[in-house]
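Bear in mind that the values in this text are calculations on the coordinates, not laboratory data. Owing to the predicted nature of the structure, the values given are computational and were not obtained by experimental measurement. We place every Cβ from the backbone using ideal geometry, glycine too, and count neighbours over all the protein chains shown.
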Amino acid sequence: MQFKQIVGQDAVKQRLINSVNENRVSHAQLFLGPGGSGSLPLAVAYAQYLSCEDKQADDSCGECSSCRKYQKLMHPDLHFSYPFFAKHKDDTALTFIEEWREAFLANPYLSLDTWRGYLDAENKQANINIAECHQIIKKLSFKPFESAYKVLILWLPEYLDKEGNALLKIIEEPQPNTLFLLVAQNQDQILNTILSRTQLIKIPALSYEDIKSHLIEKHNQSESAAAEIAYLSNGNLSDALLMLQEGGSNYHGQFVQWLRLCYGNKGIEVMSLVDQLSKMGRENQKNFLRYGVSFIRECCLILSGAGSLVHLPATEFETAQKMTNVMNISQAQGIITELEKAHYHVERNANPKILFLDVSLQIIKLLNLTIRQMAVTNIPS
């Protein structure tokens with residue numbers, strides 16, 4: 001993995017490169033960033049840069065023996081640890097290393113749900129068990145074989161339970177030229193004993209423009225399709241790529257049509273649209289509702305006089321402005337609440353037809369309340 005293959009994060013990349021060139025490599029570092037921000041590929045690119053035999057000013061060479069092995073995740077001094085779904089108490093990350101390589105090489109921005117899809121997870125709980133902790137200690141007790149550094153990348157240390165305390169000594173007093181790179185999403189769920197022994201590298205969510213440009217340049221998306229997915233993904237490239245695989249949908253058009261029908265209290269047409277929404281498939285239904293929540297939140301910004309903070313494509317921004325003429329902040333917040341509740345129930349396999357009909361009735365009630373309020377306000381004295 002090279003830095004140039006990672007979307008955005010230029011400031012973080014430069015900081016990591018500078019730490020190597022200035023010989024300021026901390027032996028234990030925590031890459032902390034939200035899902036889909038690129039924390040994991042950044043850690044791998046950083047490790048590759050450290051081990052590169054012909055470092056360039058801004059990246060690893062990608063051609064030396066070390067880089068070629070890193071690009072296949074098969075370098076003898078590169079080790080991974082990650083949550084898995086153990087079938088036996090002595091299972092470790094090595095048990096699933098082939099699946100791990102396949103998953104990462106297919107999508108370096110993988111999420112835990114994506115990783116679960118590569119394993120026969122059944123209903124097991126993901127964790128990093130004590131057997132894995134002992135395996136980490138064993139692997140890192142040896143000197144590097146080929147490179148200057150032996151590197152362990154531990155993805156999602158949040159899944160280390162109290163067994164993680166077994167790693168404290170080797171984290172605090174590692175063998176020479178041993179590097180721990182922890183890649184996390186939630187700082188509050190990491191053992192404090194481990195957290196206090198690492199140097200924090202904060203990684204922000206990707207910008208709307210970063211994701212949009214990536215979808216256009218690397219995935220041949222149209223301007224409008226890329227804009228909608230980038231907006232809906234909320235800085236999470238993993239979610240954006242998942243939407244791309246699902247083929248995407250005209251969420252904006254469908255959602256605005258739904259609101260218009262509800263505003264007009266057109267029962268028969270609402271029922272017809274509810275039937276369409278119920279057949280979309282669970283993931284598309286979740287994305288549709290997520291889009292609705294984001295869109296109405298942007299309407300709230302306009303209603304609050306903060307239109308300059310709205311990041312919608314031009315046509316969607318125009319629609320949002322029109323929507324603010326028929327709702328106030330109280331009604332908008334009520335719609336958001338209904339959509340969020342619907343998203344919760346879709347995740348739990350609620351009957352979609354009944355669910356979307358109920359939400360439609362609640363939105364009709366909210367929007368027609370606005371109409372009645374406006375009518376009362378406009379009654380001449």
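A few notes on this one:
- Cross-link reach list, aspartates and glutamates versus Lys365, counting only Cα pairs under 13 Å and skipping chain neighbours closer than eight places: Glu338
- Segment 109-182: chymotrypsin sites (Phe, Trp or Tyr not before Pro) in DSSP loop, at most 12 other beta carbons within 10 Å: Phe142, Phe145
- Applying both filters, DSSP loop and at most 11 other Cβ atoms within 10 Å, to the GluC sites (Glu not before Pro) of segment 89-163 gives Glu122.
- Rounded to 10°, Cα long-axis angle of helix 39-51 versus longest principal axis of the chain: 30 degrees
- Antiparallel bridge percentage (DSSP; both residues within the chain; nearest 5): 5 percent
- Whole-number D in µm²/s for segment 3-205 (Stokes-Einstein; Kirkwood sum over Cα pairs; 10 °C, 1.306 mPa s): 93 µm²/s
- The chain: angle of helix 208-219 to the longest principal axis, Cα-based, in degrees nearest 10: 70 degrees
- Once both labels are positioned 7 Å from their Cα atoms along Cα-to-Cβ, the gap between Val25 and Leu200 label points is 2.5 nm.
- In plain terms, the chain from Met271 to Glu209 could stretch by 18.6 nm, reckoned as 0.36 nm per residue minus the Cα-Cα distance.
- Shape category assigned to segment 215-341 from the gyration tensor of Cα positions, a/c cut at 1.5: oblate
- Fully extended contour minus Cα-Cα distance, from Ile216 to His134, at 0.36 nm per residue: 25.0 nm
- Available extension along the chain between His88 and Arg68 is 3.8 nm, counting 0.36 nm per residue and deducting the alpha carbon span.
- With Cα atoms, 0 to 90° folded angle of helix 97-106 axis to the chain main axis: 50 degrees
- Restraint check, Lys72/Lys139; Lys87/Lys341; Lys72/Lys138; Lys72/Lys162; Lys13/Lys150; Lys4/Lys139, Cα-Cα greater than 27 Å: Lys87/Lys341; Lys72/Lys162; Lys4/Lys139
- Relative contact order (percent, whole number), segment 98-241, Cα cutoff 8 Å, 6+ residue spacing: 20 percent
- Going from the residue with the fewest nearby Cβ atoms within 10 Å to the one with the most, Met280, Met1, Met74 rank Met74, Met280, Met1.
- Gyration tensor verdict on the chain (Cα atoms; rounded if a/c is under 1.5, prolate if a/b is larger than b/c, oblate otherwise): prolate
- Classified by the C-alpha gyration tensor, segment 175-264 has a prolate form. Its axis ratio a/c, with a ≥ b ≥ c, is 1.5 or above, and a/b is larger than b/c.
- Put in line by how crowded their Cβ is, counting other Cβ atoms within 10 Å and starting with the fewest, Thr198, Thr337, Thr324 read Thr337, Thr324, Thr198.
- In loop segments of segment 1-105 as defined by DSSP, the trypsin sites (Lys or Arg not before Pro) with at most 15 further C-beta atoms inside 10 Å of their C-beta are Arg24, Lys72, Lys87, Lys89.
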